[in-house]
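The values are calculated or read from the model by the stated rules, or taken from the named source; none is laboratory data. This is a predicted model, so every value here is computed, not measured. Cβ: placed from backbone, ideal geometry, glycine included. Neighbour counts: every protein chain shown.
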Amino acid sequence: MKVKYELIHKDKKTGARYGKLIFTDKNGKTQEYETPMFMPVGTQATVKTLSPEQVKATNPGIILSNTYHLWLRPTPEIVEKAGGLHDFMNWHGPILTDSGGYQVFSLARNKKKDITEEGVHFKSEIDGRPLFLTPEKSIEIQNMLDSDIAMSFDECPPATADYNYLKNSVERTIRWAKRGKAVHKNEQQNLFGIVQGGPYEDLRRFSAEETVKIGFDGYAIGGVANDDECKDDMYKAIDFSNPYLPEDKVRYLMGVGEPVDLVEGVKRGVDIFDCVSPTRLARHGNALISGIRKNDKGEPKENRLNLKNARFKDDFTPIEENCDCYACKNYTKAYIHHLMRCDETFGASLLSIHNIRFLIHLTEKMREAIKTDTYEDFIKEFYGE
RNA sequence: GCUGGAAUCGUCUAGUGGCAAUGACAAGAGACUGUAAAUCUCUCGGCUUCGGCCUUCGUAGGUUCGAGUCCUACUUCCAGCA
């Protein structure tokens, strides 16, 4: 499905954007989704522990999947044979595939040696065989997967990377973006470019301007929220990138994030987000709740309950009294505590439903605030001020 | 009744003369940001001025510089024979 972003309203005080993503399929049929948007992640063509129906009940727009992982298993040939990713996984809403760029960060073992101009060397985690992913290959795989939005193959650098490393990396990522676009053939698929450059103003500007010159259907800000990156560097990455991105294209902050990151990202002009955290936290027994807490750096962080804690064994109230999710409407903390203690998958499912719904609900509230030019008040209320 | 064997931290378990004592589970807590993650880390006898000190391997004695480990008796359990 081809996508078009429509900027509908900007919050008068903060500039936060309310908009729509309009997808049109080859028969001219459209699907509309509002932004700000949170996109749940389903790396292996499934949002872990959830059926498509359960995901749908959280009211999402786009969901993610992953080029690298589907390349290894089941292979793009199988997905193509199944009629594309939508039919294969029974998800008929929009799908965005990450390019494998994050795996350059998380899986390439020897960054200096494995990342070359031509592409990136990996060793399969499944059978140890050598793998080589190039910008062309990534796009070719995504074309075959037939996702609605393909991402350019980039290098997602570690937060510890220094200026010189980032400068070379940014330049190479731009060359990769050109190579990827040159081989992009799937006319029903959109292609997004990715801005890199760490927390450096000149690198972000250069990366954004060069990426925009190539011309993409949407733009992402990448390389944030890795390792122990501080929030301040993430905000710099956004602030130094957004001024150089076109107003009429959607802006995607990759891999983010926590509720506080969504609120701060939208304030800085971001439209869409994705993050594994709601589903991973869920599998590890944690439920997102309203309010904020501080991490050990003193930064504001998501508030949550660890339902595995003994104190919940006889707590027969829902995770959040006013939450409209399936888990909160039907189950108690004591029950979920019991399921998590017994390693029952249903516990992880209920927490995944709650956490995803929590973030999506947050974006819904942000939209309403932007539409009424009260986003600043919304932020104050969010921080409990 | 006889002959073997066994009793160790909530549970199972390692341990054959230097041991507060192995591993697993359970338990208590923490981490997690484009998913190598239903994973990983820490704690798990008591006290501590963090150097140690104290009390622990069924019970009671004994041998030894030193005993969970060797010896004796007892208690309980298991197996085989009656």
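Go through the stretch A:79-134 and report how many residues are of a type in the set (Asp, Glu) and farther than 23 Å from A:Asp148 by Cβ.
Our first condition is that a residue be of a type in the set (Asp, Glu); within the stretch A:79-134, this holds for A:80, A:87, A:98, A:114, A:117-118, A:125, A:127.
So of that shortlist, the ones also farther than 23 Å from A:Asp148 by Cβ come out as A:114, A:117-118, A:125, A:127.
Looking only at that region, the number is 5.
So which strands (runs of 3 or more DSSP E) stay within the stretch A:21-77 end to end and still have 3 or more residues that are modelled with pLDDT of 95 or more, crowded, with 16+ Cβ neighbours inside 10 Å and more than 14 Å from RNA strand B (Cβ to nearest atom)?
Of the strands (runs of 3 or more DSSP E) lying wholly inside the stretch A:21-77, those with at least 3 residues that are modelled with pLDDT of 95 or more, crowded, with 16+ Cβ neighbours inside 10 Å and more than 14 Å from RNA strand B (Cβ to nearest atom) span A:30-35.
Right, A:Asp239: near RNA strand B (Cβ under 8 Å from one of its atoms), touching a residue at least 12 places away in the same chain (Cβ under 8 Å) and out of contact with any strand residue (DSSP E or B) (no Cβ under 7 Å at 6 or more places or on another chain) or not? Spell out how you get there, then give the answer.
Numbers: near RNA strand B (Cβ under 8 Å from one of its atoms): no; touching a residue at least 12 places away in the same chain (Cβ under 8 Å): yes; out of contact with any strand residue (DSSP E or B) (no Cβ under 7 Å at 6 or more places or on another chain): yes.
The answer is no for A:Asp239.
Restricting to the stretch A:206-220, count the residues that are buried (at least 17 other Cβ atoms within 10 Å of the Cβ) and either more than 20 Å from the chain's Cα centre (by Cα) or not aromatic (Phe, Trp, Tyr) (or both). Let's see the steps before the verdict.
So the first thing to find is which residues in the stretch A:206-220 are buried (at least 17 other Cβ atoms within 10 Å of the Cβ), and the list is A:206-208, A:210-211, A:216-220.
With either more than 20 Å from the chain's Cα centre (by Cα) or not aromatic (Phe, Trp, Tyr) (or both) added as a condition, the list becomes A:206-208, A:210-211, A:217-218, A:220.
Summing the residues that are buried (at least 17 other Cβ atoms within 10 Å of the Cβ) and either more than 20 Å from the chain's Cα centre (by Cα) or not aromatic (Phe, Trp, Tyr) (or both) in the stretch A:206-220 gives 8.
So which residues in the stretch A:328-348 are under 12 Å from A:Thr317 (Cβ atoms), assigned to a helix (DSSP H, G or I) and without any contact (Cβ under 8 Å) to a residue 24 or more places away in the chain, if there are any at all? Break it down into steps so the answer makes sense when it comes.
Of the stretch A:328-348, the ones under 12 Å from A:Thr317 (Cβ atoms) are A:328, A:331-337.
Then keep just the ones that are assigned to a helix (DSSP H, G or I); that gives A:328, A:333-337.
Within the stretch A:328-348, A:Ala334, A:Tyr335 meet the criteria.
Counting just the residues of the stretch A:177-202 that are within 17 Å of A:Gly100 (Cβ to Cβ) and part of a strand (DSSP E or B), which one comes out farthest from RNA strand B (Cβ to nearest atom)?
A:Leu191
Look at the stretch A:293-323 and say how many of its residues are under 30 Å from A:Asp233 (Cβ atoms) and either touching a Phe, Trp or Tyr at 6+ places or on another chain (Cβ under 7 Å) or not in a loop (DSSP other than H, G, I, E, B) (or both).
First pass over the stretch A:293-323, keeping only residues under 30 Å from A:Asp233 (Cβ atoms): A:293-306.
From what's left, either touching a Phe, Trp or Tyr at 6+ places or on another chain (Cβ under 7 Å) or not in a loop (DSSP other than H, G, I, E, B) (or both): A:293-294, A:300-306.
The number of residues fulfilling the criteria is 9.
Report yes if A:Pro94 is under 16 Å from A:Leu191 (Cβ atoms), surrounded by 20 or more Cβ atoms within 10 Å (Cβ to Cβ) and within 12 Å of RNA strand B (Cβ to nearest atom), otherwise no. Step through it out loud before you land on a result.
Numbers: under 16 Å from A:Leu191 (Cβ atoms): yes; surrounded by 20 or more Cβ atoms within 10 Å (Cβ to Cβ): yes; within 12 Å of RNA strand B (Cβ to nearest atom): no.
No; evaluated as a whole, the condition is false for this residue.
Kindly establish whether A:Leu253 is more than 10 Å from RNA strand B (Cβ to nearest atom) and in contact with a helix residue (DSSP H, G or I) (Cβ under 6 Å, 6 or more places away or on another chain).
Details: more than 10 Å from RNA strand B (Cβ to nearest atom): no; in contact with a helix residue (DSSP H, G or I) (Cβ under 6 Å, 6 or more places away or on another chain): yes.
Judged against the criteria, A:Leu253 is not a match.
State whether one or more residues within the stretch A:45-56 are more than 14 Å from A:Met89 (Cβ to Cβ) and in contact with a strand residue (DSSP E or B) (Cβ under 7 Å, 6 or more places away or on another chain).
no
Quick one: in the stretch A:134-172, which of the residues that are free of Cβ contacts under 8 Å to residues at least 60 places away in the same chain and of a type in the set (Val, Ile, Thr) is surrounded by the most Cβ atoms within 10 Å (Cβ to Cβ)?
Among those residues, the one meeting the criterion is A:Ile139.
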